[in-house]
Amino acid sequence: MTPALSISHLRKVYKSGTVAVDDLSLDIAPGDFFGFLGPNGAGKSTTIHCVTGIATITSGTVEVFGIDAVKNYREARRHIGLSPQEFNVDTFASCVQILDWMGGYFGMGRAERKQRADMLIEKFDLTAHAKKQFRELSGGLKRRVVLARALIHDPSLLILDEPTAGVDVELRRDLWRYLQELNAEGKTILLTSHYLEEVERLCRTIAVVARGRVAQIGPKHDFFTEPGGLEQAYLRASGAAPELIAAGDH
Amino acid sequence: MVINWIGLNTIIRREMSRLMRVPIQAFVAPWISALLFIFIFGSVVGGRISQIGGHRYLEFVLPGIVMLNVVNAAFLQSTSQVYFARFLHYVEETLVSPLSYAEMIIGVLVPVVVRSVVTALGILAIAALFGASSVRGIGEFIFWIVGVSIVFGLLGNIIGLWAKNFEQLTIFNVFLIAPLSFVGGVFNTVDMLPGWLHWMAWANPFFYFINGLRHSMIGFTEAPEALGIGVTFALAAIMFAIVLRLYSTGYGLRE
């Protein structure tokens, strides 16, 4: 079966010489809920940026449903919805404009854009804020807008880079429920998060990245069979200091 | 390659929406500036200067005033669009979308042309109040306004990609565009310059832009029309090739 996302020997070196991603390879099966973990600076966001076209690739290949994400980038991007870690929005635009424009970039007609935007605005409880400028919204509302934007073109592969960072418990739970619904409908989801509880609850496959490489990858239960569960497995795989790992055991 | 017309139209709609957020800065400011130029050269200085090529001095300088503002409008619109999209990171919205580089570039250029044309028409309307608004060749007039705004829209795109801060955005305007446009024949003919400066006028592309527009408005010219048209096409083609290359390599856009 063609993977939803296939990354092979990906390497990304910034102009400064910093090696952000170093020979990273992984496959994500269609329909999977994939947790992408790692400490800050491990290369998670850079990998996502390489997949989505925000960053150029130094070497290696990325395929989205078998489509080369560099050579045939336009076709590959039609399948991806991205909710980035940092807000990358025209802050003077309204929620409605942000969704409408994103749908437009993806070639959706006016009626289709309006229908999807209305549905997502209602789904993410943004109706009362739909005409407000993005900069006027609270952090949680901004996060909802960015998530709705990622879904406007009904992508098959949803990439969520720390989608619940800075949001309240209620929204987090709502979001978990919605992501599970989307996954049940067949959407492939790649999720990065620093909340292990979130990954534990949602994901079926987990990869831990450290220093730009995949340190451990496998089904979720593999991580729980290790002593100390996911947290200890994460600390060990990410190369945390031994005393930190030991401290977690007590 | 299939053109993403809706995507292209969306970039244009977005940028037009941004443009309409600042109508005073975009349109009223250049019109007031042009009004002051027209008043000074029409009523104050113009009356004391004899005719040039059979035309009143205001009629002679008006094409230059229009061109100065078209160049400014095009350059500022383009640099602002590209730089702000980078500065606020919403350029990433287009980078993750199925848009070609040509669509992204044309999406920047259309609002540039709209702003330039509206600016030029507003100045013509103001000049009409002083009895100095004539256009002899409408097609030629449109060519010069649209052609020059495309050239400076593309130059602004390059600067918008290159600039690392707001100050760098203004460097080209202050040190290159403003001086070259002022010495490009806005206020004088080449003959009025000292002989040793003639070569500078001939080497200055602004001279051809102003001369071409002047010909379309009052029929006065100091250079062959074909040469000016050729310079404009060549500059637009070179700039487009550079911008396309920058987009395809991700310069200033991608990490």
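The values are calculated or read from the model by the stated rules, or taken from the named source; none is laboratory data. These figures come from a predicted structure and were not determined experimentally. Every residue, glycine as well, gets a Cβ built from its backbone with ideal geometry; the counts of neighbours run over all protein chains shown.
Here are B:Tyr101, B:Tyr90: which of them is in contact with a Phe, Trp or Tyr (Cβ under 6 Å, 6 or more places away or on another chain) and either without any contact (Cβ under 8 Å) to a residue 12 or more places away in the chain or within 25 Å of A:His79 (Cα to Cα) (or both)?
Working: B:Tyr90 fails: in contact with a Phe, Trp or Tyr (Cβ under 6 Å, 6 or more places away or on another chain).
Answer to the check: B:Tyr101.
With the structure loaded, tell me whether B:Phe39 is modelled with pLDDT of 95 or more and either part of a helix (DSSP H, G or I) or under 30 Å from A:Tyr105 (Cα atoms) (or both) or whether it fails that test. Quick ask: steps written out before the conclusion?
Working: modelled with pLDDT of 95 or more: no; either part of a helix (DSSP H, G or I) or under 30 Å from A:Tyr105 (Cα atoms) (or both): yes.
No.
Go through the range B:32-56 and count every residue that is within 27 Å of B:Gln81 (Cβ to Cβ) and either touching an Asp or Glu at 6+ places or on another chain (Cβ under 8 Å) or exposed (fewer than 15 other Cβ atoms within 10 Å of the Cβ) (or both). Walk me through how you get there before you give the answer.
So in the range B:32-56, the residues within 27 Å of B:Gln81 (Cβ to Cβ) come out as B:32-35, B:37.
Now drop any that are not either touching an Asp or Glu at 6+ places or on another chain (Cβ under 8 Å) or exposed (fewer than 15 other Cβ atoms within 10 Å of the Cβ) (or both), which leaves B:32.
The number of residues fulfilling the criteria is 1.
Keeping to the range B:1-31, report how many residues are more than 12 Å from chain A (Cβ to nearest Cβ) and surrounded by fewer than 12 Cβ atoms within 10 Å (Cβ to Cβ).
2
Yes or no, residue by residue, for (1) within 15 Å of the chain's Cα centre (by Cα); (2) under 30 Å from B:Phe87 (Cα atoms):
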site	(1), (2)
B:Thr119	yes, yes
B:Ser134	no, no
B:Val146	yes, yes
B:Val151	yes, yes
B:Ile171	no, yes
B:Ser181	yes, yes
B:Gly184	yes, no
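Which one of these is among the hydrophobic types (A, V, I, L, M, F, W, C), buried (at least 24 other Cβ atoms within 10 Å of the Cβ) and in contact (Cβ under 8 Å) with a residue 60 or more places away in the chain: B:Val96, B:Val61, B:Val114? Don't jump to the end; show me each part of the working.
Working: B:Val96 fails: in contact (Cβ under 8 Å) with a residue 60 or more places away in the chain; B:Val114 fails: buried (at least 24 other Cβ atoms within 10 Å of the Cβ).
The match here is B:Val61.
Return the residue satisfying two criteria in turn: it lies in the range A:168-204 and is in contact with a Lys or Arg (Cβ under 7 Å, 6 or more places away or on another chain) and touching a residue at least 60 places away in the same chain (Cβ under 8 Å), and of such residues it is farthest from A:Glu86 (Cα to Cα).
Here the residue is A:Arg204.
Which of the following residues is at pLDDT 95 or above, hydrophobic (A, V, I, L, M, F, W, C) and farther than 26 Å from B:Tyr251 by Cβ: B:Val45, B:Val70, B:Val96? Step through it out loud before you land on a result.
Details: B:Val45 fails: at pLDDT 95 or above; B:Val96 fails: farther than 26 Å from B:Tyr251 by Cβ.
Just a single option satisfies the conditions, and that option is B:Val70.
Name the single residue that is nearest to A:Val146 (Cα to Cα) among those in the range B:89-136 being facing chain A (nearest Cβ under 10 Å) and assigned to a loop (DSSP other than H, G, I, E, B).
The selected residue is B:Tyr90.
Residues that are under 18 Å from A:Leu158 (Cα atoms) and either free of Cβ contacts under 8 Å to residues at least 24 places away in the same chain or part of a strand (DSSP E or B) (or both): does the range A:12-23 have at least one?
Of all residues in the range A:12-23, those under 18 Å from A:Leu158 (Cα atoms) come to none.
No, there is no match, as no residue in the range A:12-23 is under 18 Å from A:Leu158 (Cα atoms) and either free of Cβ contacts under 8 Å to residues at least 24 places away in the same chain or part of a strand (DSSP E or B) (or both).
Checking the structure you have, find out if any residue of the range B:77-84 is out of contact with any Phe, Trp or Tyr (no Cβ under 9 Å at 6 or more places or on another chain), without any contact (Cβ under 8 Å) to a residue 12 or more places away in the chain, of a type in the set (Val, Ile, Thr) and not in a loop (DSSP other than H, G, I, E, B).
Scanning the range B:77-84 turns up no residue that is out of contact with any Phe, Trp or Tyr (no Cβ under 9 Å at 6 or more places or on another chain), without any contact (Cβ under 8 Å) to a residue 12 or more places away in the chain, of a type in the set (Val, Ile, Thr) and not in a loop (DSSP other than H, G, I, E, B).
So the check is Cβ under 6 Å with 6+ separation or different chains; which pairs have a first residue in the range B:231-248 that's closer than 17 Å to B:Ser149 by Cα and a second one that's small (Gly, Ala, Ser) and in a helix (DSSP H, G or I)?
These pairs meet every condition: B:Thr232/B:Gly147.
So which of A:His79, A:His49 is surrounded by fewer than 21 Cβ atoms within 10 Å (Cβ to Cβ) and modelled with pLDDT of 95 or more?
Step by step, each of A:His79, A:His49 is checked, and only A:His79 is surrounded by fewer than 21 Cβ atoms within 10 Å (Cβ to Cβ) and modelled with pLDDT of 95 or more.
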